[in-house]
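J.: I'd like to ask some things about the structure below.
The values are calculated or read from the model by the stated rules, or taken from the named source; none is laboratory data. Quick caveat: nothing in here was measured; it's all calculated off a predicted structure. All accessible areas refer to the heavy atoms of the entire protein, side chains included, with ligands and DNA or RNA removed. Shrake-Rupley method; radii C 1.70, N 1.55, O 1.52, S 1.80 Å.
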Amino acid sequence: MDARPLLALAAVATAFGLQPRAAGSADAGPAIASADLLLRAGASKTILHVPKVGWWTASCGRDRKVAIDFVADHLLPTSDVVVSRTSGGPLARRISAHHRVIPDPPLEVVSQHWQIAPFAEAQVRVTSADVAGRVVGEYCMTSVVAVTGPDQGPTREG
């Protein structure tokens, strides 16, 4: 897959002083987590797990289509997800722990942008993720790049 988008994201992160850290690190600073996965037709596996956010899973169909889904980790009860989907308008919904979100049906090419935002009086950290997948021959290639922002304090009312 083309590494240019990841390099551009790393350059932006550096410009804003974001330092990559291991997923699940205890500090409340910004984080970048990414992973890619190559699956044979008929297989399914987790691509990336971001603690306190959730995990993305890819399924590679024998029908030459790839599907991506997300399962929420333990989030605040008022967390929302908005997904710019591959086809159709954006998907928006409230999510809670273990809630599964499947924004697109299985497709030959998947391109999604996710924003997961908790709304609360306590510390709030927004996560943005780019998810991609495509089928090549007997394989599905998928990747996720997730950026979790710093603790921005309580949700403000405008």
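J.: Using θ = phi - 60° and the Karplus form 6.51 cos²θ - 1.76 cosθ + 1.60, what ³J(HN,Hα) does each residue of region 62-75 get, whole Hz, x for Gly and Pro?
T.: Computed from phi, the couplings for region 62-75 are 5, 8, 6, 9, 10, 10, 10, 10, 10, 10, 6, 7, 6, 10 Hz.
J.: With a 1.4 Å probe and all protein chains in place, put T86, T127 in order of accessible area, largest first. Walk me through the intermediate numbers first.
T.: Working: T86 55, T127 5 Å².
The most accessible residue leads, giving T86, T127.
J.: Check which residues have an amide H placed less than 5 Å from A97's amide H, if you skip close sequence neighbours.
T.: L75
J.: Amide H to amide H under 5 Å from K52: which residues, 5+ apart in sequence or cross-chain, H placed 1.01 Å off N in plane?
T.: Here H74 satisfy the definition.
J.: Please calculate how many Å² of accessible area region 23-145 carries per residue, with a 1.4 Å probe and no DNA, RNA or ligand atoms counted. Before the final figure, lay out the partial values.
T.: Details: 6160 Å² over 123 residues.
Per-residue value: 50 Å².
J.: Please report, in cubic angstrom per residue, the volume enclosed by the convex hull of the alpha-carbon atoms of region 56-158.
T.: Spread over its residues, the Cα hull of region 56-158 gives 91 Å³ apiece.
J.: Quick check: at a probe of 1.4 Å, how many percent of the accessible area of region 38-158 sits on carbon and sulfur atoms?
T.: Numbers: 3380 of 6400 Å².
Carbon and sulfur: 53 percent of the exposed surface of region 38-158.
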